[in-house]
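Comments concern the structure below.
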Protein chains: 2
Amino acid sequence: MSKGSNVSSSVIKRLPRYYRFLGELMKQNVNRISSRELSEKMGLTASQIRQDLNCFGGFGQQGYGYNIEELHKEIGKILGVDAGYKTILIGAGNLGKAIAAHMNFEKRGCHLIGIFDSNKSLEGETVAGITVENMDKLKDFCNTNNPIVAILCIPKTAAQEIAELLVKLGITAFWNFSHYDLRMTYSNIVVENVHLGDSLLTLTYGVNNILD
Amino acid sequence: MSKGSNVSSSVIKRLPRYYRFLGELMKQNVNRISSRELSEKMGLTASQIRQDLNCFGGFGQQGYGYNIEELHKEIGKILGVDAGYKTILIGAGNLGKAIAAHMNFEKRGCHLIGIFDSNKSLEGETVAGITVENMDKLKDFCNTNNPIVAILCIPKTAAQEIAELLVKLGITAFWNFSHYDLRMTYSNIVVENVHLGDSLLTLTYGVNNILD
């Protein structure tokens, strides 16, 4: 099938999770799985899974289950896992370092090529095999290397301004950890805001309720 | 109203976000806001917001909008922002350090009281004002201090085993960054799995589609 055609946005949202679970099954050398077994692993209903995966056609066969490797490959294609989009990271504090070191970018469609920080004392440090450069090198770097994804691990106060500069330098997508909801007035800019604080509050709410 | 009564789970999921936006408006000294203005800020429809916030009754008045401070306080109460649940962090690598330093636990219902790592070289280091202790101190610490929330910033391979130990030591809630979907066979355990990789893949999918 062609990339993403006929797939609803609610299915799209679940794709990274399917992709992850199918990948884990492949590591365990499982070849096929029924919607019922997959539903138990993922905490979705079997009928939801059948509906979702039917969008990709041809990988499920009644009585035989899904061909895990083929389904994983197809979902990966739709997500763009092999795209290798050139990516830069802004902010090399603890969070930036953790992201740079542990995200397996190459398996998630990105290729980290530069890390920048305004803190002079971090300049020259090596993080995930990349030398941290000062922000004053950003413009030249972007003009030469044309990255299109930027990861923002910077304080809230700096986020909007730096994002606007990055858009001028050709950045098309932001993975934003800055505690600030980036709002882009430009069309064709993709923003994924990560609010860890919201996630913690969801946990707190849960504790609040089981302790009732 | 009493905590969470008559509030559907889909509204609950949006509560941390309302809480955050209302908090930002308070910082800007805004006292009241209409559902229409709030909808523009949050990217929801005004009718969705009216429906959601009606669950809390009494804070919206037609033609006058919502009393921001009262609504913020009420939502905070439901989420448990002042609960101060005793919290420990397992894993003091870059991610653990970033989480410890930047999460504003006290404003999110948690009180960080201990940090543990199996890496002897991190022992004695101070992170967010807390001395990192070796994992062999965990049991005594839990028996003495009775934490109930654990943040897991540890590798996937160690997650399930450490989580099971922590449950035995009285931990009731897990904020899990370990790239492993914790599944608890015990009832009354709250788990919030954070999958940053899924978030990155959602971004990659977005780039993939705007570049089509």
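The values are calculated or read from the model by the stated rules, or taken from the named source; none is laboratory data. Everything numeric here is computed off the predicted structure, so don't read it as measured data. Don't worry about glycine lacking a Cβ; one is built from the backbone with ideal geometry, like all the others, and counts go over all protein chains shown. The accessibility values were calculated without ligands, DNA or RNA, using every heavy atom of the protein model including side chains. Shrake-Rupley method; radii C 1.70, N 1.55, O 1.52, S 1.80 Å.
log₁₀ I(q)/I(0) of chain A at q = 0.08, 0.11 Å⁻¹, via Debye over equal Cα point scatterers, no solvent, to two decimals? Normalising to I(0) and taking log10 leaves -0.37, -0.67.
For the stretch A:91-170, state the average projected area of the convex hull of the C-alpha atoms over all orientations, rounded to one decimal in nm².
If you wrap the Cα atoms of the stretch A:91-170 in a convex hull and average its projections, you get 5.1 nm².
Compared with its chain on its own, the stretch B:87-124 contains the following residues whose accessible area drops by 50 Å² or more in the full protein assembly (probe 1.4 Å; ligands, DNA and RNA excluded): B:94, B:108.
With protein chains left intact and a 1.4 Å probe, residues in the protein assembly as shown average 48 Å² of accessible area per residue.
Segment residue A:9..residue A:48, full-extension length gain: 12.6 nm, with 0.36 nm per residue of separation and the alpha-carbon distance subtracted. Placing +1 on the Cβ of every Lys and Arg and -1 on the Cβ of every Asp and Glu, with nothing else charged, gives chain B a dipole about its Cα centre of roughly 500 debye.
Both chains summed, the buried accessible area for A and B stands near 5500 Å², from protein heavy atoms and a 1.4 Å probe. Taking amide H as placed 1.01 Å from N in the peptide plane, residue A:151 has its amide H under 5 Å from the amide H of A:88, A:89, A:90, A:175, each at least 5 places away in sequence or on another chain.
When you restrict to C-alpha pairs under 8 Å that are six or more residues apart and normalise by the size of chain B, the relative contact order lands at 13 percent.
Which loop chymotrypsin sites (Phe, Trp or Tyr not before Pro) in the stretch B:135-190, with loop taken from DSSP, have no more than 15 other Cβ atoms within 10 angstrom of their Cβ? Loop-located and lightly packed - B:186. Couplings 3J(HN,Hα) for the stretch A:118-124, derived from phi with the Karplus relation 6.51 cos²θ - 1.76 cosθ + 1.60 (θ = phi - 60°), are 7, 7, 4, 5, 8, 4, x Hz, where x marks Gly and Pro. Residue pairs exceeding 26 angstrom between C-alpha atoms, taken from A:41/A:73; A:107/B:137; B:73/B:139; A:13/A:41: A:107/B:137; B:73/B:139.
Accessible area of residue B:117 (1.4 Å probe, protein heavy atoms only, ligands and nucleic acids ignored): about 20 Å². Using the charge dipole of the stretch B:33-118 (Lys, Arg: +1 at Cβ; Asp, Glu: -1 at Cβ; taken about the Cα centre), state which of B:83, B:112, B:38 has its Cα farthest towards the positive end. Farthest along the dipole direction, towards plus: B:112.
State the Cα centre-to-centre distance between the stretch A:14-84 and the stretch B:13-86 in whole Å. Using only Cα atoms to place each centre, the spacing works out to 38 Å.
Could you name the aspartates and glutamates whose alpha carbon sits less than 20 Å from that of residue A:120, not counting residues in the same chain fewer than 8 places away? Once the sequence-local aspartates and glutamates are set aside, what remains near residue A:120 is A:133, A:136, A:140, A:161.
To the nearest 20 debye, what charge dipole does the protein assembly as shown have about its Cα centre, counting +1 at the Cβ of each Lys and Arg and -1 at the Cβ of each Asp and Glu? All intermediate terms of the calculation are to be shown ahead of the outcome.
Numbers: 44 positive and 42 negative charges, 153 e Å.
In debye, rounded to 20, the protein assembly as shown gives about 740.
Given a 1.4 Å probe and the protein chains as shown, residue A:39 ends up with an accessible area of around 20 Å². For the stretch A:116-136 versus the stretch B:91-166, the spacing of their alpha-carbon centroids is 28 Å. In terms of Cα atoms, the Rg and Dmax of the protein assembly as shown work out to 22.3, 62 Å. When nucleic acids and ligands are ignored and a 1.4 Å probe is applied, residue A:18 ends up with an accessible area of around 0 Å².
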